[in-house]
Amino acid sequence: MTDTTKTIVLGQKNVEDLDIEQVLPNELMTINMGPSHPAMHGTVRIVLTVDGETIVGADIQPGYLHRAFEKESEYATYTQVFPYTDRLNYVSPMINNCGYAMAVEKIMGLTDAIPKRAEYIRTIVSEVSRITDHLTCVGASAMELGAFTPFLYLIKTREWLYMLLEELSGARLTHSYVRIGGVSKDLPEGWGNKLDEILTKIEEVKDESVRMLTNNKIFRGRMDGVGALSAEESIALGVTGPCLRAAGVDYDVRKDFPYSIYNEVDFDVPVGTTGDCFDRYLVRFAELDQSISIIRQCLAKIPNGLIMAEDPRVALPDKGEAYNTIEGMIRHFKHIVDGIRVPPGEAYTFIEGGNGELGFFIVADGTGRPYKCYCRAPSFVNLNSVHRLIDGALISDVVPIFGMINMIGGECDK
């Protein structure tokens, strides 16, 4: 029997002499990833141009949530904006509450008038929210890579904190807890002890999740060296938060521009070296330990006292005064219906959100409603780096890259 492969000829060449890429078609293809794709979280569409499995171009299109925070804020009183801030990064809403309140307080000259106890409470609930944010990010990303057990463990852990925040604010997720001048309610009796017990349980779950993920061959294979961004590129793109620190840049607003009582607590800023998906994972888990440490320091040092500034411009009158005096009733009515009267001016404040620098720029015109309320949303800015990260990557790499950027739709569609 003769070797038939020697007799099959394409043009003037034998098959065995041809490069397979010259035989098979290799046209570029355009495909949609999202918005109805589990890994895109339902609110982002990525138009991929692929050469086989390799991405050669990408168009990132957020905007499918239609939140419109900034425009809605122009038609609400300053107090009514708090529920809107909850729905920016709805995984860590307490931080949003604090950042917005600080901007209004800056215009009104109230920054130094906030009671110390209120500042400690704000710090505690902010760090609890940071923990819930990081637990959600790592848990969801692990699930999207096939590690379902860590997802269940970490989301269960998040629920413990959600139930505790519900006990404090009355709402499980969108708390509307902070107020201009302080906070709406004091810590319930025994709340701090419950929180400390939960933090101990969180440390145990985190250590167990680390054992399941950090040296897992499949998890490492999907994360190591994937989506790497250098420190220079991160800074040029405006990336902040865990993604910037994963690239080795030691920048944290809480440390570099201390606000509230962050200058009274000790904590470290974890940084990575390579800026890839695995470093982002390591930084977020390391930040869990730092947030737990900050909360415990606050619980040990929190003073007694007021939770609201004694300023009639922002504080509601006592119930007895509102019910029994005409002045108290009118003040209460004007405060609720017309809103807090903020003097004309503008202010920008920025804090460390769950995903980076969260800023609020407010322009006041002397009425009870903001003339302009702009949000510097870290998720929106960080999303700008995705096209750079997935260029040249494989289609399968989009899932861990997008997951560890931790885009939150409410911040992007603001």
**Request:** Of all residues in the stretch 35-83, count the ones that are farther than 23 Å from Ala140 by Cα, basic (Lys, Arg) and not in a helix (DSSP H, G or I).
**Result:** 0
**Message:** If I ask for residues that are among the hydroxyl-bearing types (Ser, Thr, Tyr) and surrounded by 16 or more Cβ atoms within 10 Å (Cβ to Cβ), which ones from the stretch 33-54 would you list?
**Reply:** Thr43
**Message:** Which residue is nearest to Ala377 (Cα to Cα), if the candidates are limited to the stretch 38-60 and must be among the polar types (S, T, N, Q) and in contact (Cβ under 8 Å) with a residue 24 or more places away in the chain?
**Reply:** Thr43
**Complete:** Contact list, first residue from the stretch 148-172 and under 20 Å from Asn216 (Cβ atoms), second anywhere and hydroxyl-bearing (Ser, Thr, Tyr) and in a helix (DSSP H, G or I), beta-carbon distance below 7 Å, six or more apart or interchain, is Pro150/Ser209; Tyr153/Ser209; Leu154/Ser209
**Residue selected from the stretch 322-377 under the condition on the phi > 0 side of the Ramachandran plot and in a loop (DSSP other than H, G, I, E, B), by the criterion surrounded by the most Cβ atoms within 10 Å (Cβ to Cβ)** = Gly339
**Identity of the residue in the stretch 84-94, hydroxyl-bearing (Ser, Thr, Tyr) and in a loop (DSSP other than H, G, I, E, B), that ends up nearest to the chain's Cα centre (by Cα)** = Ser92
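Okay, residues lined up against (1) touching a Phe, Trp or Tyr at 6+ places or on another chain (Cβ under 8 Å); (2) assigned to a helix (DSSP H, G or I); (3) surrounded by 18 or more Cβ atoms within 10 Å (Cβ to Cβ); (4) not charged (D, E, K, R):
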| site | (1), (2), (3), (4) |
| --- | --- |
| Lys185 | yes, no, no, no |
| Glu189 | no, no, no, no |
| Thr200 | no, yes, no, yes |
| Asp207 | no, yes, no, no |
| Asn215 | no, no, no, yes |
| Arg222 | no, yes, yes, no |
**Asked** Only one residue in Ala103, Ala68, Ala76, Ala113 is touching a strand residue (DSSP E or B) at 6+ places or on another chain (Cβ under 7 Å) and of a type in the set (Gly, Ala, Ser), so which one is that?
**Response** Ala103
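No lab work stands behind these numbers, since they all come straight from the coordinates. Keep in mind that what you see is a predicted model, and the values were worked out from it rather than measured. With ideal geometry, Cβ positions are generated from the backbone for all residues, glycine too; neighbour counts draw on all protein chains shown.
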